[in-house]
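S.K.: Structure below; questions to follow.
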Amino acid sequence: MKLRIAYVFAAALVVTAGCSSSPSESGDSEVSPINCVPTTVIDGPVNIATTVAPITSIIANIAGGTDATINGIVPEGTNSHTFEPKPSDAVTLEQADVVFINGLVLEEPTKELALANLKDGAVICELGSQILPENEYIYDFSFPLEGGKPNPHLWTNPPMAKEYAAVARDLLSALNPTNASIFAANYEAFAAKVDALDAAMATATATIPQDQRNLLTYHDAYAYFAVHYGYNVIGAIQPSSFDEPTPKEIADLITQVRESGVKAVFGSEVFPSPVLEQIGAETGVRYVDVLRDDDLIGEPGDAEHSWLGLMRFNYVTMIEALGGDASALKTVDVSDVVKDSATYPQ
Ligand SMILES: [Zn+2]
């Protein structure tokens with residue numbers, strides 16, 4: 001399956017290269033740089049670039065304890081879906097031996113900049129596109145099929161985040177075999193923590209009656225998570241344009257909130273929404289505005305400034321707002337498996 005996906009990308013790149021001016025400069029045009037299997041080996045420090053902070057944190061857990069350098073590109077607290085990299089990000093990308101991105105069309109401008117600046121032998125690994133076949137991509141209100149951008153938020157679903165970590169381990173071990181045993185040990189420790197978080201979320205979810213496991217969110221970052229834990233995403237408010245919904249859409253949502261009997265509507269800290277506030281006020285349903293999909297908790301260096309900390313925060317918020325018992329989650333250890341030395345732009 002992985003090989004087939006890699007070939008699809010390779011074929012797509014050859015087609016693109018054929019009709020545009022210059023992407024391929026050396027003779028090895030049959031090898032796509034969009035590939036989670038490196039073609040070179042590095043003995044010294046590996047230079048890694050990443051995009052959004054949760055992915056940076058996952059990579060930092062796998063590559064930590066080696067002499068690798070890890071640089072995130074997307075500043076925390078910005079809209080990653082519309083993010084345009086700065087010209088100075090080209091420097092980070094041209095120095096990278098590997099660029100880990102989410103894929104599923106989340107970071108196209110950054111991917112384009114990476115493709116234009118990548119050094120020979122460097123690769124761009126699309127983690128999400130690598131682990132999920134296209135026929136399993138989820139399209140919804142905020143990410144409609146006709147828009148061509150699937151819902152990209154695989155990392156809010158623990159089993160998929162664990163698969164991201166496994167892809168990173170395999171790639172880094174092939175690229176930098178000297179440190180393969182460190183990558184393997186880091187992965188084992190990280191996977192155990194992800195499993196513990198996953199089990200705790202399942203336990204916490206079980207404290208909410210089935211018919212109340214409904215999510216109405218502003219920014220729909222929980223599509224794959226919802227399938228995994230058995231939640232029903234009854235709606236998302238943010239249109240694919242990232243504009244506010246129309247008055248008609250707001251009226252429909254108010255009706256939907258009243259009819260569905262949801263206990264809470266969930267906003268996003270990155271996308272403050274007066275509309276959601278209005279819906280909460282008009283329906284009497286609790287409005288929770290603190291969920292976050294790619295802005296880690298606290299500041300770099302803080303104990304919960306990690307993928308694990310971010311997910312636990314979101315899960316506890318959801319469980320408690322829906323009337324459940326989050327105590328199983330509160331005892332989960334969300335510390336990184338190794339000191340996080342990545343750079344997170346703010
Ligand atoms: Zn998002």
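The values are calculated or read from the model by the stated rules, or taken from the named source; none is laboratory data. Everything quoted here is computed from the prediction, not taken from an experiment. We place every Cβ from the backbone using ideal geometry, glycine too, and count neighbours over all the protein chains shown.
S.K.: Could you say whether any residue in region 277-286 is within 16 Å of the ligand (Cβ to nearest atom) and not assigned by TED's automatic domain parsing to the domain that holds ALA165?
M.R.: Looking through region 277-286, none of the residues is within 16 Å of the ligand (Cβ to nearest atom) and not assigned by TED's automatic domain parsing to the domain that holds ALA165.
S.K.: Considering only region 238-271, how many residues are out of contact with any strand residue (DSSP E or B) (no Cβ under 7 Å at 6 or more places or on another chain) and not acidic (Asp, Glu)?
M.R.: Selection size over region 238-271: 17.
S.K.: If you don't mind, there's one more thing I want to ask. Within region 121-156, how many residues are buried (at least 22 other Cβ atoms within 10 Å of the Cβ), at pLDDT 95 or above and assigned to a loop (DSSP other than H, G, I, E, B)?
M.R.: Here the count works out to 5.
S.K.: How about region 90-120: which of its residues are buried (at least 22 other Cβ atoms within 10 Å of the Cβ) and either within 16 Å of the ligand (Cβ to nearest atom) or free of Cβ contacts under 8 Å to residues at least 60 places away in the same chain (or both)?
M.R.: Result: THR92, LEU93, ALA96, VAL99, ILE101, ASN102, GLY103, LEU106, GLU107, THR110, LEU113.
S.K.: If I ask for residues that are more than 16 Å from the ligand (Cβ to nearest atom) and either modelled with pLDDT under 95 or assigned to a helix (DSSP H, G or I) (or both), which ones from region 59-85 would you list?
M.R.: ILE59, ALA60, ASN61, ILE62, ALA63
S.K.: Another one. Run LYS263 past the list (1) surrounded by 15 or more Cβ atoms within 10 Å (Cβ to Cβ); (2) within 15 Å of the ligand (Cβ to nearest atom) and report the number of the one that doesn't hold.
M.R.: (2)
S.K.: Identify, from the list PRO158, PRO133, the residue that is touching a helix residue (DSSP H, G or I) at 6+ places or on another chain (Cβ under 6 Å) and touching a residue at least 12 places away in the same chain (Cβ under 8 Å). So that I can check it myself, show each step before the final result.
M.R.: Details: PRO133 fails: touching a helix residue (DSSP H, G or I) at 6+ places or on another chain (Cβ under 6 Å).
Selected residue: PRO158, the only one of PRO158, PRO133 that is touching a helix residue (DSSP H, G or I) at 6+ places or on another chain (Cβ under 6 Å) and touching a residue at least 12 places away in the same chain (Cβ under 8 Å).
The rows are residues; the columns are (1) of a type in the set (A, V, I, L, M); (2) touching a residue at least 24 places away in the same chain (Cβ under 8 Å); (3) under 29 Å from THR51 (Cα atoms).
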{"residue": "GLU269", "(1), (2), (3)": "no, yes, yes"}
{"residue": "PRO272", "(1), (2), (3)": "no, no, yes"}
{"residue": "THR283", "(1), (2), (3)": "no, yes, no"}
{"residue": "VAL290", "(1), (2), (3)": "yes, yes, yes"}
{"residue": "PRO300", "(1), (2), (3)": "no, yes, yes"}
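S.K.: Any residue at all in region 239-256 that's under 21 Å from GLU320 (Cα atoms) and either within 16 Å of the ligand (Cβ to nearest atom) or among the hydrophobic types (A, V, I, L, M, F, W, C) (or both)?
M.R.: no
S.K.: How many residues are β-branched (Val, Ile, Thr) and not in a helix (DSSP H, G or I) when one looks only at region 215-256?
M.R.: Within region 215-256, residues that are β-branched (Val, Ile, Thr) and not in a helix (DSSP H, G or I) number 5.
S.K.: Please work out which residue is farthest from ILE237 (Cα to Cα), limiting yourself to region 141-192 and to residues that are among the β-branched types (Val, Ile, Thr) and away from the ligand (no atom under 16 Å from the Cβ).
M.R.: This residue is THR178.
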